[in-house]
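Notes for the one structure printed next.
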Amino acid sequence: MPTSQQAVKRMTFEIHMAKSQGLKALKLIHGYGSSGAGGRIRVESRKYLDTLARRGVIRFYVPGERWSIFDADAREALALCPALRSDSDLERHNNGVSFVLL
């Protein structure tokens, strides 16, 4: 089990690798915490994604619990990367994942 600091470091690496490979989107599986109340890795990952979005490193991200065709950001993500329509978490409201648009 990584610490939240290790997880954010790994996430940073994966985002930079995905961008360098020209990918449009990335699905991050950070889990939701063993207590079910929002684990530290989930919370810290999303704080960091907020920072990356403000800095312009990523376009935006969509938390898994909002990953639905009824969410405006999710619809924009699906328009930018149509392959995301086949993601198994669409409409599952999975708070253990986040979708990052690069």
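The values are calculated or read from the model by the stated rules, or taken from the named source; none is laboratory data. Model, not experiment: these values are computed from the prediction. Every residue, glycine as well, gets a Cβ built from its backbone with ideal geometry; the counts of neighbours run over all protein chains shown.
So here's what we get for this one:
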quantity	calculated
Answer from S68, S20 - the residue that is surrounded by fewer than 17 Cβ atoms within 10 Å (Cβ to Cβ), touching a Leu at 6+ places or on another chain (Cβ under 9 Å) and either under 22 Å from A83 (Cβ atoms) or touching a residue at least 40 places away in the same chain (Cβ under 8 Å) (or both)	S68
Where L84 falls short, out of the listed (1) out of contact with any helix residue (DSSP H, G or I) (no Cβ under 6 Å at 6 or more places or on another chain); (2) farther than 24 Å from K9 by Cβ	(1)
Unmet requirement for R42, which otherwise passes all of (1) in a helix (DSSP H, G or I); (2) modelled with pLDDT of 95 or more	(2)
Residue match in the stretch 19-36 (condition: under 14 Å from L101 (Cβ atoms), in a helix (DSSP H, G or I) and not polar (S, T, N, Q))	yes
Any hit, the stretch 26-44, residues being surrounded by fewer than 18 Cβ atoms within 10 Å (Cβ to Cβ), touching a Leu at 6+ places or on another chain (Cβ under 9 Å) and of a type outside the set (F, W, Y)	yes
